[in-house]
Amino acid sequence: MKKFIITLSALIITALPFSVTAYAAENLDRDYIEAEIWDDMWNGKGDNGIDFPEASYKHHLLDKWLDENYGSDEYDWSELGELKYEYKDYYRSYIEDFDFNDDDNGNWTIETPEHSYSFTYWQDNWIMTDENGNTVDSFPPFSTLEDDDKAETAGGHTIDDKGNGSPRVVGKVTNGTETASEGLSSGEGNDTADTASNGSESNTGASESNPLPIIAGVVAVVGVGAAGFYIMKKKK
């Protein structure tokens, strides 16, 4: 009996690290991260991505940030709350000197202390040019409408980059042209940074099983074995 308990304990101790390792955090899916951050960040009007450049440009900034950083050691890609906080902090810093101007007629421009940027839709892409006519960026259109709501006009709510706002929308990329994966929500958007405590937010993109039940079971098995050994020894 003593040998049995010793052998069982050795096997459990050997297997335990593998059990714990199996529950280590995994990187969240990139598209899932993008959709969740966009859901928090965009609190503007709905449009088809072609008539107005605003949503397309701001989604392009998020997409570009993920392209440059996804999987890097600089961020914890298993914690959605932390990633939301980090991107919002980056975005606020990026647009710090931006002055967004919208005449509600499709003419959306950005003024900075050094430059003036305008946008033109050409060959299925938005072209961003400076005051001298130089192309500084280009990106695909991004629709914030549901598939069954394409007829919706772009009027209505306006974006407020200080966090006061309009309904949020969620988007994803499909067949090269970006479209919405969910429609307008009833919540209010917020561009202010969340606290890092939101890192505990749950998600479907990663394994979140708790290894504690396994450890508790191991302790119970060892305890029963030890008790049995003590009884057998006492009978002798």
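Brief remarks follow.
- Listed by position, the helices (runs of 4 or more DSSP H) enclosed by the range 1-69 that each have at least 1 residues that are touching a Leu at 6+ places or on another chain (Cβ under 9 Å) and modelled with pLDDT of 95 or more are 30-41.
- Among the residues of the range 134-152, those that are modelled with pLDDT under 95, surrounded by fewer than 16 Cβ atoms within 10 Å (Cβ to Cβ) and not in a helix (DSSP H, G or I) comprise K150, A151.
The values are calculated or read from the model by the stated rules, or taken from the named source; none is laboratory data. Note that the coordinates shown come from a computational prediction; the quantities given were computed from them, not determined experimentally. Virtual Cβ from ideal backbone geometry, glycine too; neighbours counted across all protein chains shown.
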